[in-house]
Amino acid sequence: MTGDTAAEPDRSVLLDIYRRANLIYQADEKFRTMIMGGQLQIIYYSPRGQEILSAALMAALNPDDYLVTTYRGVHDQLAKGIPPRDLWAEFAGKKTGTCKGKGGPMHITHPETGVMVTTGIVGSGLPIANGLALASQLEGDGKVTVVCFGDAASNIGAFHESLNMAQIWKLPVIFVCQNNLYGEHTPQAMSTGAKELIDRAPGYGIKGVQVNGNDAFAMYQAASEAAARARAGEGPTFIEAKTFRFFGHLLGDDSHYIPKEEMAAAKLADPIPGYRKALLERQVSEAELDAIDAEIAEVVAEAAAHALASDYPDTDEIRIDVLGMEIAA
Amino acid sequence: MNAETPVKAKKINFAQAINLAMDEAMAADKRVILLGEDIADGQGGGVFTATKGLSTKYGVARVRSTPISEQAIVGAAVGAAIVGYRPVAEIMLMNFITVAMDQVVNHAAKLRFMSGGQTSVPLTIRTATGAGVGFGGQHSDMLEAWFAHVPGLKVVTASNPADAKGLLLACIQDDDPCIFIENTASYGVSGPAPEPGYVVPLGKATVAREGSDVTVIGYGAVIGHALAVAKEMEADGVSVEVIDLRTIAPYDEAAVLASVGKTKRAVVVHEAVRKFGVGAEISALIHEHLFDELKAPVQRVGSAYAPVPFSPALEKAYLYSRDDIAAAIHKTMGR
Ligand SMILES: Cc1ncc(C[n+]2csc(CCOP(=O)(O)OP(=O)(O)O)c2C)c(N)n1
Ligand SMILES: [Mg+2]
């Protein structure tokens, strides 16, 4: 783990992380409520437990940096800045969604906020992230590409090809492995020969950093350093960020394969109240945080209502965006 | 050109034509970049020398020899393409695309649609294949039907060097992902050179030979064989029209229907395995539209239902032949 404590980020950064994390937290709660209540019929991969990781990571980036993420991507997408109402409408399959309802929860794209690809195929974001980073390198635009994926994704071929290629070409890319210790129902130790995922990095000559992703301070520092390296032309970084997911692989999963003590310990270390406590210890007032929470609650409620009230896409959309030219009716 | 002073037409082979298309594209647009195994001059300019000289001319930042990592190659092309680059990825042989199918099928083909039109993927994959060179089962498959069956991909192949240049340039300039298939055995085959700037529009077939009795529809190396058979048939009093699709997907349905609407007979030919091939789609289209007018059922010619064999004797048994084309034509003529 990165132990050396750099100077703490500014108060404005700390509040920014709080805001992003709690937008994720409240949005996730609302999504789950709506799904359980039958208002949304979607397969849902809850990011509950991974909010701080994502909030601190995205706070360390520039708004126009690129992001590639996965089916478990709500936290990354909201933290990167996608307007909640656009995201919500896409989850509901409505024409007002980020992708006109044609992508859905697993395929969110929003170039305005740098969210370039969301993939439902494990590990497939990494090769694409290299391409985005290659374009930035050739263009000299100073952008960094961040690609998020899970621990289990480190066992698929694309992961290995990508780390290698990024390193030999010194691409400005950050590989962020959100290690929540399980891939579907299989624990890391059962699926992965390497003891620690960070151990994969030296095999490719790539800089590796292991960090507690649920610690906003450590995560922000690791991400900031990796971004600075990338922008300086020093190449890619592999960040293994340890975290945990509280609602299993997908909503409805009862987590029977997770030992009760492990789950209890993880919940005890819930990063959301933990970060709030950390801010209170730093002279941020309850009132200030409550005000942010209330503001977010309004945004989330409005986003959900907007999604439900929006129309479905016209059926003619089936012929549009398949190719550059419209497909004949 | 002055008609009274015939100049000896300049010749060019497939490898040179393909090189020319990339050269022109790179000169015109700095966002055209090349990725592939051994493609830079330091590594030989590509195993078929299709990229020879380009890294020297445009630099190794734009002409990049890659590790043997097909997923990473195609994925990098996808990523660069969605932010405006026009990557040309060389996948040495078509069978090697199988290890990058996820990037081709789940990403390149679908990102435009799934993003609601926000990210298009203007990449080109160049890849060589075809039997007849003794590579055996894993280096020779014609897999065009696989890709043609994926909405969002364009599949293109040329029957002559000039078209190869014009079609590849069109692929690179196109805003959709294109699979450009090259014939391994044909790189050294020459034909008339195209004028500079020559582009062949995608999605447009051409009438390679006019005829009135039967239409032969094909693409790529098939066209040379079909033209030879057509010439022989002329002596028998059979007038054969040959349609070169050039773009396999999406194909020029209007051109196919116009020709068969005229001749009332059709034979579809491809090197790929006959069963479940492109020929089945084209035959079905013709039957759906022209059933009442047809003078005979549409015939399909293709290769045998087997992996491409190594032994020359077996390879011959596997491959479609000119005799097969002639027999199919005769069958439509009721002979
Ligand atoms: C190539 C591929 N194989 C299998 C799946 C099914 N699948 C979806 S998520 C998942 C587990 C991935 O675990 P991990 O990478 O740790 O990410 P997490 O879900 O824990 O965030 C699997 C097997 C898939 N989507 N893609
Ligand atoms: Mg996991």
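No lab work stands behind these numbers, since they all come straight from the coordinates. This structure is a prediction, so every number in the text was calculated from the model and none was measured. Positions of Cβ are generated from backbone atoms using ideal geometry, with glycine treated the same way; all protein chains shown enter the neighbour counts.
What number in nm² do you get for the stretch A:11-307 if you take the convex hull of its Cα atoms and divide its surface by four?
Over every viewing direction, the Cα hull of the stretch A:11-307 projects on average to 14.5 nm².
Pulled fully out, how much extra length does the chain show between A:T33 and A:V13, if you take 0.36 nm times their separation in residues and subtract their Cα-Cα distance?
Difference between extended and current length: 4.2 nm.
Find how many whole Å separate the alpha carbon centroid of the stretch B:11-73 from the alpha carbon centroid of the stretch B:134-170.
18 Å
When the expected Rg is taken as 2.2 N^0.38 Å, what fraction or multiple of it is the alpha-carbon Rg of the stretch B:206-332?
The value comes to 1.00.
Looking only at the stretch B:206-332, where both bridge partners belong to it, what percent of the DSSP beta bridges are antiparallel (to the nearest 5)?
Within the stretch B:206-332, antiparallel bridges account for around 20 percent of the total.
Quick check on the stretch A:157-222: take the gyration tensor over C-alpha atoms, sort the square-rooted eigenvalues as a ≥ b ≥ c, and tell me if it's rounded (a/c under 1.5), prolate or oblate.
It is oblate, given that a/c is not under 1.5 and a/b is not larger than b/c.
Suppose we keep just the DSSP beta bridges with both residues in the protein assembly as shown; what percent of those would be antiparallel, to 5?
Once the DSSP bridges in the protein assembly as shown are tallied, antiparallel ones form about 15 percent.
Which one, A:F217, A:P273, A:A305, is farthest towards the positive end of the dipole of the stretch A:11-307 when Lys and Arg carry +1 and Asp and Glu -1 on their Cβ?
A:A305
Any idea how far the Cα center of the stretch B:258-291 sits from the one of the stretch A:220-239, in Å?
What the calculation gives is 56 Å, centre to centre.
For chain B, what are the DSSP H helices with axial Cα length of 20 Å or more and mean Kyte-Doolittle hydropathy of at least 0.0?
For chain B, where a helix must reach 20 Å along its axis and average at least 0.0, the hits are B:14-28, B:222-235.
Looking at the protein assembly as shown, which Cys residues are left with no other cysteine's beta carbon under 4.7 Å from theirs?
Cys with no partner Cβ under 4.7 Å: A:C99, A:C148, A:C177.
Tell me, how many Å apart are the Cα centres for the stretch A:143-218 and for the stretch A:22-99?
After rounding, the separation between the Cα centres reads 22 Å.
Let me check against my output: what whole-number percent is the relative contact order of the stretch B:11-192, with C-alpha pairs under 8 Å and at least 6 apart?
Value for the stretch B:11-192: 27 percent.
Dividing the convex hull volume of the alpha carbon atoms of the stretch B:11-192 by its residue count, what do you get in Å³ per residue?
It comes to 102 Å³ per residue, whole-number rounded.
Listed highest first by mean packing, meaning other Cβ atoms within 10 Å per residue, what order do A:302-310, B:298-306, B:97-105 come in?
For the peptides A:302-310, B:298-306, B:97-105, the packing ranking is B:97-105, B:298-306, A:302-310.
Taking H as built 1.01 Å from N, whose amide H comes closer than 5 Å to the amide H of B:L93, not counting residues under 5 places away?
For B:L93, the qualifying residues are B:A128.
I'd like to compare A:249-258, B:126-135, B:16-25: which one has the highest average count of other Cβ atoms within 10 Å, and what's the full order after that?
Descending mean neighbour count gives B:16-25, B:126-135, A:249-258.
With 10 angstrom as the radius, rank B:S186, B:S321 by how many other C-beta atoms surround their C-beta, starting from the fewest.
Arranged by neighbour count, lowest to highest, B:S186, B:S321 become B:S321, B:S186.
Which residue fluctuates the most in chain A, going by a Gaussian network model with Cα springs under 10 Å, if the choices are A:M219, A:M165, A:M106?
A:M165
Using the eigenvalues of the Cα gyration tensor, what equivalent ellipsoid semi-axes result for the stretch A:223-272 when each is taken as the square root of five times the eigenvalue, whole Å, largest first?
Output for the stretch A:223-272: semi-axes of 34, 12, 9 Å.
Quick one, could you list the DSSP H helices from chain A stretching 24 Å or more along their long axis (Cα atoms) with average Kyte-Doolittle hydropathy of 0.0 or above?
A:286-309
Report the relative contact order of chain A, percent, no decimals, based on alpha-carbon pairs under 8 angstrom and at least 6 residues apart.
23 percent
Let me spell out the model: positive unit charges on the Cβ of Lys and Arg, negative unit charges on the Cβ of Asp and Glu, origin at the Cα centre of the stretch A:68-221. What dipole size does that give, in debye rounded to 20?
Rounded to the nearest 20 debye, it is 340 debye.
Cα-based Rg of the protein assembly as shown per 2.2 N^0.38 Å, rounded to two decimals?
This ratio for the protein assembly as shown stands at 1.09.
Cut-off 10 angstrom, C-alpha nodes, Gaussian network model of chain A. Which of A:P47, A:P127, A:P313 fluctuates the most?
Result for chain A, Cα springs under 10 Å: A:P313 fluctuates most.
Dividing the alpha-carbon radius of gyration of chain B by 2.2 N^0.38 Å (N being the number of residues), what value is obtained?
0.99
Multiply the residue gap between B:A284 and B:A296 by 0.36 nm, knock off their C-alpha separation, and tell me the result in nm, one decimal place.
Between B:A284 and B:A296, full extension yields an extra 3.0 nm.
Run the simple label-point estimate for B:T56 and A:L280 please: 7 Å along Cα→C-beta, distance reported in nm.
Going by the 7 Å Cα→Cβ label model, 7.2 nm.
With 30 Å as the limit, write out which pairs from A:K170/B:K165; B:K231/B:K262; A:K100/B:K165; A:K30/A:K195; A:K80/B:K110; A:K94/A:K260 have Cα-Cα distances beyond it, or answer none.
A:K170/B:K165; A:K100/B:K165; A:K30/A:K195; A:K94/A:K260
How big is the antiparallel share of DSSP beta bridges in chain B, given as a percent to the nearest 5?
Antiparallel bridges: around 20 percent, rounded to the nearest 5.
Residue separation times 0.36 nm, minus the C-alpha to C-alpha distance between A:A301 and A:A329: what's the value?
6.2 nm
Which of A:I239, A:I296 comes first, and how do the rest follow, when ranked by fewest Cβ neighbours within 10 Å?
With the sparsest Cβ surroundings first, the list reads A:I296, A:I239.
What does the C-alpha gyration tensor say about the overall shape of the stretch B:14-88? Classify as rounded when a/c is under 1.5, otherwise prolate if a/b is larger than b/c, or oblate.
Here the stretch B:14-88 falls in the oblate category.
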